[in-house]
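Notes follow once the structure below has been shown.
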Amino acid sequence: MSTTDYPNSSTGAGHQPTALAPPRSGPLAKREARLAWGLLTPTLLSVALVIILPLLAIFWISAKPIGLSDLRPTTPDVYERVRGKVSAAGDRVTIEYRLTNSSREKPIANVTMSDVWPAGLEPVSLDERCTLAAGQLSCNLGDWEAGHRERLLIEVVAQEPFINSDVNVRDTEPVMTGDASSDLFNLTFTWDNFRSVFDSGEFLEVLWVTLFYTVVGTIGALVVGMLAALMLNKSFTGQGILRGLFLFPYVAPVIAVAFTWVTLLDPFSGSFNALLVQMGLIETPINFFGQRPLALFTVTAFEIWRYFPLSFLFILARMQSIDHDIYEAADMDGASPFQKFYYLSLPQLMGILSVLFLLRFIWTFNKFDDIFLMTGGNAGTRTLTVNVYEQAFAISNIGAGAAVAVVIFGCLLAFSFFFFRFISREEGL
Amino acid sequence: MKNGYLLAAVVGVLWSLTIIVCLTIVMAFSTGLPVHPVWLAAIVQGAAVGLVALYVPSRLLGILISFALVLGVSFMQPFGISLSEKSFAQGVGVLVLVLGLSVPLSIMTKGMPAGTLTRHQFEEGIVRFLTGFGYVFFTAIVVVPFYVMLMTSVKGQQALLLNPLDFSIEWDKGWDLFRSYQELFTQYNFGSYLLTSFLVSVATVAVTLLFSVPGAYAVARLRFKGQAVMSRSILLIYMVPMIVLALPIYVGFSMFGLRNSLFGLLLIYPVTTIPVSLYMLQGYFRGLPAEIEEAGLMDGLSRLGVIWKITLPLSLPALASVSLYVFMIAWNEFLLAFMLLDDPSKFTLTRGVTMLNSSEVPRQHLMAGAVIATLPILVLFLGLERFMTKGLTAGSVKG
């Protein structure tokens, strides 16, 4: 409705004329917009720095042949020592600098070294690349090949002040500088990371495990949460206590509950196995986290256990807002409990259920901590997210880890497309 | 199937199995006795007590008959062992078993005819059983892990290897019960981890609020191009998995020497919580009457003055929810702390507990660490549950 010609007569209950909005492009509106952007700037900047920038970096890194060890910058190394002994003035000793380029792959350009000498040392002959001025030795060592090593020897005559003082030549560390290209910033790109990720036979398995974990975990948490909500959707004493109790798994830190499950299900000293044996249900203890495909079922059960409280909370809140009249009307018409649930409650819950499903689906897909803490991705529980860690840190191939991360990001783009298509219509999120 | 006596018997059997399994767990955990259910006896006594509940209207009489049934059917061994062992504990167990069988079953079969059931009555009976089962089941799956966590931390290594089911408290150990806690604080530096975690979490809350309050106000109240896009897309950030961000952050921090610094951690933590905080707050700000703020503007306050003097005091409950929720996220955060901190003197609590997960450290220490990490957040949660649940629901929280 246009703001200028709102109707004089009321057109219906609840239909109030909108307030006169200020013109869209006046100076006041501009000031307001400026203020708004000003207030949002800290948030936007921090998000850009910590979320957007790393996301872009992932694409860059995924096309780079770098491993964990390449993160250390390539620098020239030096080891300094004194050959010979000084006891009287005029003694000759040799100061030796052992210079190495510890990298076997990368050259270093424009290497320089500077070292402060104690007073009273006179060089007999100085290497042509070096100069000595005011007790400071400066050398221009030029460009080094990969794996370059050399010894720089300088013969010196010790004078009186040096003998008398306690200073040692090695007291000051020589300072080295040099330009080495980091693999991270040069312009060589490669598909090797993606190739190694896709080619390995386990990639399909990783996808399948992720899919199973995500789908079963999400639906399981929703169903269990709904059952819990149905159960508590009536007032009785202790309802509040139970509701608080049911949220425990979600509120407690993941490390605490994950390690508790590991302890509880341990095949040797775990209580759960001992219990099953004592009850006569099994003969020998079961290794819940070490066997395929059982380990996958166990971590999925953990996921359901840990996140049913969340869906429980939302579904309960929605249930309590359903009007009671419809149930009384249904009672009058002789509807049975299951019919009431199926024909009355469920349609009203569909909105929140679909929102929860999509959110939980994406978050379960993104989940890393739980599986990492319980199995470390072993015994057939490696999901995509765990695979990022596995590739980047266990195999020390940062590039391959980033490649998996790119795959994850691609999946998420597809999910968010769905999210905006369906969810925003459902609940106006 | 749709006969009253049949349903009562079936429900009786199922309920009896539920109760006996639960009681076995409770008895084993609290006494260390080698108790186990006698499955056949449980089935028979369940069916019998179900029928008694259906046909005997007097509850007292029902209880007495059930008592006789429970002892009779199992040949005086309701828990599979002779009643002479720890008779008092077993006596209590029998009492609980009898009451736990007959009272719920008489409630479940209340008003149910013995003959043919209507669909309504039949489903009602099933719903009643499922509800009862649900209470027991959900309470058990939530309580047992936490109980095991707590009790393992006060047991000795030997005692647990001997009988992993015995969680009875060894009172005669006195203060020695808390030895693993004492060792964590004296040898493993947990006092400092606790402090670090607390400081990091509080700082995260402060920075998050500082950033998100103005942002939320702008999105909620001010008109500008892109307002709608902003309020929607801010939550998209939650779709990005932490591990995808953690990898480049690790690379970047390694290069700039920010790893192993709490400052580096504090650069990241608030940004992970700002979006949800902004989203929750803008929802609350929208609900506040704009007229009060307009009155403030008329009286000569600047916009920032309005936010500070009018909006914020009015939204204290929302601020409390958001703070609690952000505190919880920061306190529980594991992945970044794990990847970015290597230096034991700078560990947060979660990182410290991870360190205990090795074969050289006894299990009680790990569980004691878990208790130390869990307790503060649970206490906070129980004390301020109202705010917390509101925070959880309002933010449609990340997991």
Hey, residue A:244 surrounded by fewer than 23 Cβ atoms within 10 Å (Cβ to Cβ), free of Cβ contacts under 8 Å to residues at least 12 places away in the same chain and closer than 30 Å to residue B:336 by Cβ or not: yes
Residues being closer than 21 Å to residue B:26 by Cα and either within 24 Å of the chain's Cα centre (by Cα) or of a type in the set (S, T, N, Q) (or both) - total across segment B:159-204: 7
Any chance residue B:214 is part of a helix (DSSP H, G or I), more than 28 Å from the chain's Cα centre (by Cα), assigned by TED's automatic domain parsing to the domain that holds residue B:330 and closer than 29 Å to residue A:185 by Cβ: no
Flag if residue A:169 is more than 30 Å from residue B:375 (Cβ to Cβ) and modelled with pLDDT of 85 or more: no
Segments classed as helices (runs of 4 or more DSSP H), wholly inside segment A:174-263, with at least 2 members that are within 24 Å of residue A:368 (Cβ to Cβ) and either in contact with a Lys or Arg (Cβ under 6 Å, 6 or more places away or on another chain) or within 8 Å of chain B (Cβ to nearest Cβ) (or both): A:202-232, A:248-251
Test for residue B:16: is it touching a Gly at 6+ places or on another chain (Cβ under 9 Å), buried (at least 17 other Cβ atoms within 10 Å of the Cβ) and among the hydroxyl-bearing types (Ser, Thr, Tyr): yes
Residue among B:315, B:345, B:358, B:321 that is closer than 20 Å to residue A:370 by Cβ, of a type in the set (Ser, Thr, Tyr) and more than 10 Å from chain A (Cβ to nearest Cβ): B:358
Tally, over segment B:292-305, of residues that are more than 11 Å from chain A (Cβ to nearest Cβ) and in a helix (DSSP H, G or I): 7
Residue under evaluation residue A:57, criteria (1) exposed (fewer than 13 other Cβ atoms within 10 Å of the Cβ); (2) at pLDDT 90 or above, criterion not met: (1)
Conditions (1) at pLDDT 90 or above; (2) small (Gly, Ala, Ser); (3) touching a Leu at 6+ places or on another chain (Cβ under 9 Å); (4) more than 20 Å from residue A:371 (Cβ to Cβ); number of the one not met by residue B:391: (1)
Which numbered condition residue B:383 fails, given (1) at pLDDT 90 or above; (2) more than 10 Å from chain A (Cβ to nearest Cβ): (1)
Which numbered condition residue B:50 fails, given (1) in contact with a helix residue (DSSP H, G or I) (Cβ under 8 Å, 6 or more places away or on another chain); (2) more than 21 Å from residue B:136 (Cα to Cα): (2)
Residue A:105 among the acidic types (Asp, Glu) and either modelled with pLDDT of 85 or more or surrounded by 12 or more Cβ atoms within 10 Å (Cβ to Cβ) (or both): no
Criterion: touching a helix residue (DSSP H, G or I) at 6+ places or on another chain (Cβ under 7 Å), more than 8 Å from chain A (Cβ to nearest Cβ) and in a helix (DSSP H, G or I) - qualifying residue of B:200, B:251, B:219: B:200
Residue in segment B:231-248 that is in a helix (DSSP H, G or I), more than 7 Å from chain A (Cβ to nearest Cβ), without any contact (Cβ under 8 Å) to a residue 40 or more places away in the chain and among the small types (Gly, Ala, Ser) present: yes
Filter pass, residue A:251 being among the hydrophobic types (A, V, I, L, M, F, W, C), at pLDDT 95 or above and touching a Phe, Trp or Tyr at 6+ places or on another chain (Cβ under 9 Å): no
Subset of segment B:19-74 that is more than 13 Å from chain A (Cβ to nearest Cβ) and part of a loop (DSSP other than H, G, I, E, B) - its residue that is surrounded by the most Cβ atoms within 10 Å (Cβ to Cβ): B:74
Where a residue in segment A:185-206 is among the hydrophobic types (A, V, I, L, M, F, W, C) and its partner, wherever it lies, is in a loop (DSSP other than H, G, I, E, B) and surrounded by 12 or more Cβ atoms within 10 Å (Cβ to Cβ), with Cβ under 8 Å and at least six apart: A:189/A:63; A:189/A:64; A:191/A:63; A:206/A:382; A:206/A:383
Some residue of segment A:67-79 being assigned by TED's automatic domain parsing to the domain that holds residue A:130, closer than 17 Å to residue A:167 by Cα and loosely packed, with under 13 Cβ neighbours inside 10 Å: no
Matching residues in segment A:296-339 - criterion: being more than 28 Å from residue A:245 (Cβ to Cβ), more than 9 Å from chain B (Cβ to nearest Cβ) and of a type in the set (A, V, I, L, M): A:296, A:326, A:329, A:330, A:332
Tabulated pairs, segment B:274-288, first closer than 16 Å to residue B:239 by Cβ, second among the basic types (Lys, Arg), C-beta under 7 angstrom, 6+ apart or interchain: B:276/B:398
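The values are calculated or read from the model by the stated rules, or taken from the named source; none is laboratory data. Because the structure is a prediction, the values reported are computed rather than measured. Positions of Cβ are backbone-derived with ideal geometry, glycine not excepted, and every protein chain shown enters the neighbour counts.
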